[in-house]
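Trainee: Could you have a look at this structure, given as structure tokens, before my questions?
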Amino acid sequence: MKDTEGYVTADGRQIGGTLMEMRNITLRFGGVVAIQDISFDIHEGEVRAIIGPNGAGKSSMLNVISGFYTPSEGEVWYQGAKRPPMKPYEVARQGVARTFQNIALFEGMTVLDNVMTGRLTHMNAGVVSQALWWGKARNEEMENREKVERVIDFLEIQNIRKTPVGRLPYGLKKRVELARALAAEPSLLLLDEPMAGMNVEEKEDMSRFILDVNDEFGTTICLIEHDMGVVMDLSDRVVVMDYGKKIGDGTPDEVRNNQDVIDAYLGVPH
Amino acid sequence: MAHMTKGAEGLRSVPALLARNVSQYGRSPAYREKEYGIWQSWSWAETSKEIEALALGLLNLGVNEGDFIAIIGRNRPYLYWSMVAAQSVGAIPVPLYQDAVAEEMEYVLDHCGARFAIVSDQEQVDKVIEVQDRLHQFEHMIYLDARGLRKYDHTRLHEFSNVQKQGRTARDEFSKELKARTAKLDYDSTCVMLYTSGTTGKPKGVVLSNRNIIETAKASSEFDHLKVDDEVLAYLPMAWVGDFIFSIGQAYWSGFCVNCPESPETMMTDLREIAPSYYFAPPRVFETQLTQIMIRMEDAGAFKKKTFDYFMAHARKVGPAILDGHDVGLLDRLKYRVGEIMVYGPLKNALGFSKVRVGYTAGEAIGPEIFDFYRSLGINLKQLYGQTEASVFITQQPDGEVRSDTVGVPSPGVEIRISDSGEVYYRSPGVFVEYYKNADSTADTKDAEGWVATGDAGFIEESTGHLRIIDRAKDVGAMANGAMFAPKYVENKLKFYPNILEAVVFGSGRDRCCAFINIDLAAVGNWAERNNIAYASYQELAGHKQVLDTIQAHIEEVNASIAQDEMLSGCQVHRFLVLHKELDADDGELTRTRKVRRKIIGEKFEDLVNALYDGSDTVYTETEVTYEDGRKGKIKATLEIRDAKVVPVTPQKLAAE
């Protein structure tokens, strides 16, 4: 099962070795089994999608990866080492950033300030220094601001740099969330339904940005998405879940032709 | 002939001006661009190094003398450097409109036989790749922004910074060649080739020599006392002659700094931050700004609105007179001062006009009310009249002689004459060399003595010597009863209303005038919002009863005003309709500089024109539209046609004929 060799995608990109591996993950809430004995891996540099009907356990899976939930059974392997149970902020420090299904930005703060919060894990000046805006804090902020500005430029949100997030339309808020996650310079970027509630044009823009992020920074991306068209176009490999179980895993084409997947999506008489 | 090729003070080319600027103003800023939230700047010395590296890189790629290099993208220092680098190696820069669709680019690239293109980003790269197989001469493309281009085949594609790097590496090999080529440039070598926007037919390549550009830049810089510490914001299309004169010609002559915005969306913020001292904008920009101010004042609180209205009324009364240095009473001056603190100053600051010393508008006639609005605030906004073929300047308004209905006196070095038919002709050092590969058109436009037909009808006011333009000569016609028909005159009056974005008036050879109206979505949309009127699309809003009522009221006001004018009283609009789509350059209805293509619109919407004249109340129509990605679609609509009240007048014959 462990494959550290990597592979070459259909469009000729070289994908690296295993970055993260989920081994026999089971997650229970009391008597409810949200995830049941699921194993899959994420390779460095690939776009990996998790799909499935409502309630399949996709978001729970993402929360396991991001450290929000600790699995009841099974192991998470990250960068070649078994990950002990961790708090989400510790996982974030390891280079895992995420966006949320329901936008979780600071509405009253400007876009710039929101994106700056993505750099929090990279700042370690003391309280006094920060309060006085002097010495280390000042240099640190300048360095971080530059990184943030590159992200702002990349996602083309210069014109709303100083706009409070609360005043932005939904599609742009999603982009700001992506900006904040990117500002953390993650090695693994988790996107929880990045296209939910968007119109076609916004979806196209977002798809473009996701591909560009992957292409430009080589960021590994794991995303959950409902829109099958988007998933099939964007991802290199897809995990399909249904009722907490893995029912398919492979390239978009393999998954599309998988009978279990078709049944799960179209429904079969039981 | 030695003195002929010497040029103004021995400066015969743009690269020569660059060398002078390095030695005289080496450390002052030449370019600024906002990137990563900070204004990055390059001094003249640094600029020269960047240009040299690129020029060497171009030699390394095999650019020959006389090659055409297409330059496509928004205003960025790198692209301005590209133009000068191209000139340095003896090639000819051809800036293209960046919003042109692939087929339009194909025509131009094919017509000039460009071997190279320097473009801004993936969008432009894609367009050129789409057509490059059909372009036999085309070889290499250089791009600025690498984003999204990593997977592209790089055999004929090069990154800008790499070309510069290779140039620096190959310096020993090529620097002699570069010096030789730059030294060879004289006053008559081609400086730039610019394609006309083409109100009629295919674009034509206007060849402008170093003499044209440098003489014009020199004369116009002196006219307005431009200095090394002036600041401009470069935001108008690089393919437009005005931008070339301001951002290359005058900038290199005077040594002032060219500032490039961060992105088109941040233009207004960037304008405010830079606060240019020398500013140029087509009337449309001023109109849009005024519309936005008015919309926002509508939304302002009662106190603010009252203050604004009160002081603006005062500004309209005395502002222009104060600006022109006329006698104004002490009390009025005091009140104006208070207004400056309360309203004008903050407003100018918000618009980015706090430091404007000289502002120009040209390209189209500007509504007198719009013009007076800006002047009343104390902004020295003037008009100029120009053409690509003249290297811009034909006439311009001197300080203190500014009026909204004239375009000023002949620019230094320009002679003007009016032909018997009323068309304006000019002759100047800025007159273009030729239309590239189009000797017929060149001969049609420019006669043996160097007089050029402008295509505009106008006359010179005897009392002041100012030129007044009536309309495009070919658009000025006669109505069925012989009365003079000048559509632009009426359209401009209509377009002053914030609700009306564009108007097209028909009536040549007919018994009465009728009009197409385009509503301004920003203004009308805001009005709809305030009045709780729901709408789902532009089309729906454009067809709304109350919108039609408003437009009808505007037209009737305009009719009343036109009726005052003896010569043009026959041009009152009898019937009108509001178009279901915005006129768009992508559909060929406007030029890239957003001028109405009257004939094409008349043909395309023939059914609507007929309906205007046959008395029907409604008309059903289907229109093909082109989306931004080049796909085509259809819009179907039933439009209501309305009658507007006209003021009865007795038709008069044209006095001159």
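Bear in mind that the values in this text are calculations on the coordinates, not laboratory data. None of these values were measured; they are calculated from a predicted model. Counting neighbours? That spans all protein chains shown, and the Cβs are built from the backbone with ideal geometry, glycine included.
Trainee: List the residues whose amide H sits under 5 Å from the amide H of B:CYS257, counting only those 5 or more places along or on another chain, with H placed 1.01 Å from N in the peptide plane.
Mentor: Correct list: B:ASP230, B:VAL232.
Trainee: How far is helix B:14-25 tilted, in degrees, relative to the longest principal axis of the Cα atoms in chain B, given as a value from 0 to 90 rounded to the nearest 10?
Mentor: It is inclined by approximately 80 degrees.
Trainee: Assign one of three labels to region B:8-280, namely rounded, prolate or oblate, based on the Cα gyration tensor with a ≥ b ≥ c the square roots of its eigenvalues; rounded applies when a/c is under 1.5, prolate when it is not and a/b is larger than b/c, and oblate otherwise.
Mentor: Note, shape of region B:8-280 comes out rounded.
Trainee: Now for a separate question. Find the centroid of the Cα atoms in region B:68-100 and in region B:472-529, then give the distance between the two in whole Å.
Mentor: Value for the Cα centre distance between the two parts: 37 Å.
Trainee: For chain B, what does -39500 (n - 2.57) per DSSP helix run (n ≥ 4), summed and divided by total residues, give at 222 nm, in deg cm²/dmol to the nearest 500? Walk me through the numbers before you get to the answer.
Mentor: Numbers: 23 runs with 249 residues, N = 657.
About -11500 deg cm²/dmol.
Trainee: List the residues whose amide H sits under 5 Å from the amide H of A:LEU19, counting only those 5 or more places along or on another chain, with H placed 1.01 Å from N in the peptide plane.
Mentor: A:ILE42, A:HIS43, A:GLU44
Trainee: Still on this structure: Does anyone have the angle between helix B:302-323 and the longest principal axis of chain B? Alpha-carbon axes, 0 to 90°, nearest 10?
Mentor: Approximately 70 degrees, to the nearest ten.
Trainee: Sticking with this one: What average count of beta carbons from other chains do you get within 10 Å of the Cβ of residues in A:141-148?
Mentor: Mean shielding count: 1.
Trainee: Test of the criteria: in region B:560-639, which GluC sites (Glu not before Pro) are in a DSSP loop and have at most 15 other Cβ atoms within 10 angstrom of their Cβ?
Mentor: Sparse-neighbourhood loop GluC sites (Glu not before Pro): B:GLU566, B:GLU628.
Trainee: Averaged over peptide A:153-160, how many Cβ atoms belonging to another chain are found within 10 Å of each residue's Cβ?
Mentor: Working: counts 7, 1, 0, 2, 2, 11, 9, 2.
Mean partner shielding for this stretch: 4.
Trainee: What's the local net charge at A:ASP227, with K and R +1, D and E -1, over the other residues with C-beta under 10 Å away?
Mentor: Working: positive: A:LYS203; negative: A:GLU193, A:GLU225, A:ASP233.
So the surrounding residues net to -2.
Trainee: Also, quick follow-up: Per residue of B:269-278, how many C-beta atoms from partner chains lie within 10 Å of its own C-beta, taken as a mean?
Mentor: Mean number of neighbouring Cβ atoms from other chains: 1.
Trainee: Apply the Karplus parameterisation 6.51 cos²θ - 1.76 cosθ + 1.60, with θ equal to phi minus 60°, to every residue of region B:428-444 and state each ³J(HN,Hα) to the nearest whole Hz, in sequence, with x for glycine and proline.
Mentor: 7, x, x, 5, 4, 6, 6, 7, 5, 6, 8, 4, 4, 4, 4, 5, 5
Trainee: Within region B:449-493, list the GluC sites (Glu not before Pro) lying in a DSSP loop whose Cβ has at most 16 other Cβ atoms in a 10 Å radius.
Mentor: Working: sites: B:GLU449, B:GLU461, B:GLU462, B:GLU491; in loops: B:GLU449, B:GLU461, B:GLU462.
Here the sparse-neighbourhood loop sites are B:GLU449, B:GLU461, B:GLU462.
Trainee: Ok, one more. Could you work out the helix-only [θ] at 222 nm for chain A, with each DSSP H run of four or more residues adding -39,500 (n - 2.57) and the total divided by the number of residues, to the nearest 500 deg cm²/dmol? Could the numbers behind the result be given before it?
Mentor: On the way: 10 runs with 98 residues, N = 270.
Result for chain A, helices only: -10500 deg cm²/dmol.
Trainee: Tell me the net charge near B:ARG403. Cut-off is 14 Å between Cβ atoms, B:ARG403 excluded, with +1 for each Lys or Arg and -1 for each Asp or Glu.
Mentor: With Lys, Arg at +1 and Asp, Glu at -1, the neighbours total -4.
Trainee: A follow-up question, please. Tell me, B:ASP224, B:ASP511 in order of fewest to most beta-carbon neighbours within 10 Å? Each step should come with its number before you reach the end.
Mentor: Details: B:ASP224 19, B:ASP511 13.
Going from sparsest to densest Cβ surroundings: B:ASP511, B:ASP224.
Trainee: Helix B:171-184 against the longest principal axis of chain B: what's the angle in degrees, Cα atoms only, rounded to the nearest 10?
Mentor: Result, in degrees: 60.
Trainee: Mind scanning B:LYS204/B:LYS488; B:LYS305/B:LYS495; B:LYS437/B:LYS488; B:LYS493/B:LYS595; B:LYS355/B:LYS495 and naming the pairs with a C-alpha gap bigger than 20 Å?
Mentor: Values: B:LYS204/B:LYS488 24 Å; B:LYS305/B:LYS495 24 Å; B:LYS437/B:LYS488 32 Å; B:LYS493/B:LYS595 16 Å; B:LYS355/B:LYS495 28 Å.
Too far apart for the 20 Å limit: B:LYS204/B:LYS488; B:LYS305/B:LYS495; B:LYS437/B:LYS488; B:LYS355/B:LYS495.
Trainee: In whole angstrom, note down how far apart the Cα centers of region B:323-353 and region B:574-621 are.
Mentor: First find each Cα centre; the distance between them is then 42 Å.
Trainee: List, largest first, the extents of the alpha carbons of the protein assembly as shown along their principal axes, each in whole Å.
Mentor: 97, 73, 61
Trainee: Mind giving me the FRET efficiency for B:ILE533 and A:ARG167? R0 is 30 Å, r the Cβ-Cβ distance, nearest 0.05 is fine.
Mentor: According to the calculation, E is roughly 0.85.
Trainee: Under DSSP H, which helices of chain A have Cα atoms covering 18 Å or more of the helix axis and a Kyte-Doolittle average no less than -1.0?
Mentor: Sorted by number, the helices that extend far enough and score high enough are A:170-183, A:200-217.
Trainee: Next question. At what distance in angstrom do the alpha carbon centres of region A:119-144 and region B:217-279 lie from each other?
Mentor: After rounding, the separation between the Cα centres reads 38 Å.
Trainee: To make sure I understand, if each residue's beta carbon is the centre and we count other beta carbons within 10 Å, what order do B:PHE138, A:PHE154 fall in, fewest to most?
Mentor: Numbers: B:PHE138 21, A:PHE154 17.
So the residues, fewest neighbours to most, are A:PHE154, B:PHE138.
Trainee: Could you tell me which of B:ALA453, B:GLY525, B:ALA251 has its Cα farthest along the dipole of chain B towards the positive end, charges placed at Cβ (Lys, Arg +1; Asp, Glu -1), taken about the Cα centre?
Mentor: Result: B:ALA251.
Trainee: Defining a contact as two alpha carbons under 8 Å apart and six or more residues distant in sequence, what relative contact order in percent does region B:477-643 show?
Mentor: Numbers: 262 pairs, mean separation 34.8, N = 167.
After rounding, I find 21 percent.
Trainee: Please tell me which of these pairs span more than 25 angstrom C-alpha to C-alpha: A:LYS58/A:LYS82; B:LYS127/B:LYS202; B:LYS151/B:LYS179?
Mentor: B:LYS151/B:LYS179
Trainee: Among rounded, prolate and oblate, which fits region B:1-155 when a ≥ b ≥ c are the square roots of the eigenvalues of its C-alpha gyration tensor, a/c under 1.5 means rounded, and a/b larger than b/c means prolate?
Mentor: In terms of gyration-tensor shape, oblate.
Trainee: Under the definition of Cα pairs under 8 Å and six or more residues apart, what whole-number percent is the relative contact order of chain B? Write out the running numbers ahead of the final one.
Mentor: On the way: 1243 pairs, mean separation 64.0, N = 657.
The normalised contact order for chain B reaches 10 percent.
Trainee: With a ≥ b ≥ c taken as the square roots of the eigenvalues of the C-alpha gyration tensor of chain B, please select rounded if a/c is under 1.5 and otherwise prolate if a/b is larger than b/c or oblate if it is not?
Mentor: Here chain B falls in the prolate category.
Trainee: Non-local amide H neighbours of B:HIS466 (under 5 Å, H modeled in plane, Pro and chain starts lacking H): which ones?
Mentor: B:GLU461
Trainee: Calculate one ³J(HN,Hα) per residue across region B:149-165 by plugging θ = phi - 60° into the Karplus curve 6.51 cos²θ - 1.76 cosθ + 1.60, and present them in order as whole Hz with x for glycine and proline.
Mentor: Karplus-based 3J(HN,Hα) across region B:149-165 equals 9, 4, 8, 6, 5, 9, 5, 10, 10, 9, 7, 3, 5, 5, 4, 5, 5 Hz.
Trainee: At 0.36 nm per residue, and after removing the present C-alpha to C-alpha distance, how many nm does the segment from A:VAL33 to A:ARG150 gain when stretched out fully?
Mentor: 37.9 nm
Trainee: For region A:91-118, list residues with backbone N below 11 Å from a point placed 7 Å from the Cα of A:SER72 toward its Cβ?
Mentor: Hits in region A:91-118 for A:SER72 at 11 Å: none.
Trainee: Mind putting a number on the dipole of the protein assembly as shown about its Cα centre? Charges go on the C-beta only, +1 for Lys and Arg and -1 for Asp and Glu, and I need it in Debye to the nearest 20. Spell out each step's value before the answer.
Mentor: Working: 105 positive and 135 negative charges, 471 e Å.
With Lys and Arg at +1 and Asp and Glu at -1, about 2260 debye.
Trainee: Lysines within cross-link reach of B:LYS176: Cα-Cα under 26 Å, excluding same-chain residues under 8 positions apart?
Mentor: Reachable lysines: B:LYS6, B:LYS49, B:LYS165, B:LYS184.
Trainee: For B:THR623, B:THR593, which order do you get if you count the other beta carbons within 10 Å of each Cβ and list the fewest first? Intermediate results must be reported in sequence, preceding the final value.
Mentor: Details: B:THR623 18, B:THR593 22.
Fewest to most other Cβ atoms nearby, the residues stand as B:THR623, B:THR593.
Trainee: Oh, and also: On a straight-distance basis, which lysines could pair with B:LYS306 in a cross-link, Cα separation under 23 angstrom, same-chain partners fewer than 8 positions away excluded?
Mentor: B:LYS317, B:LYS335, B:LYS348
Trainee: Right, next: Return a whole-number percent for the relative contact order of region B:368-502, with Cα pairs under 8 Å and 6 or more residues apart as the contact set.
Mentor: Taking the mean separation of contacting Cα pairs over the length of region B:368-502, I get 17 percent.
Trainee: OK, next. What share of the DSSP beta bridges in the protein assembly as shown is antiparallel, in percent to the nearest 5?
Mentor: Beta bridges within the protein assembly as shown, antiparallel portion: roughly 60 percent.
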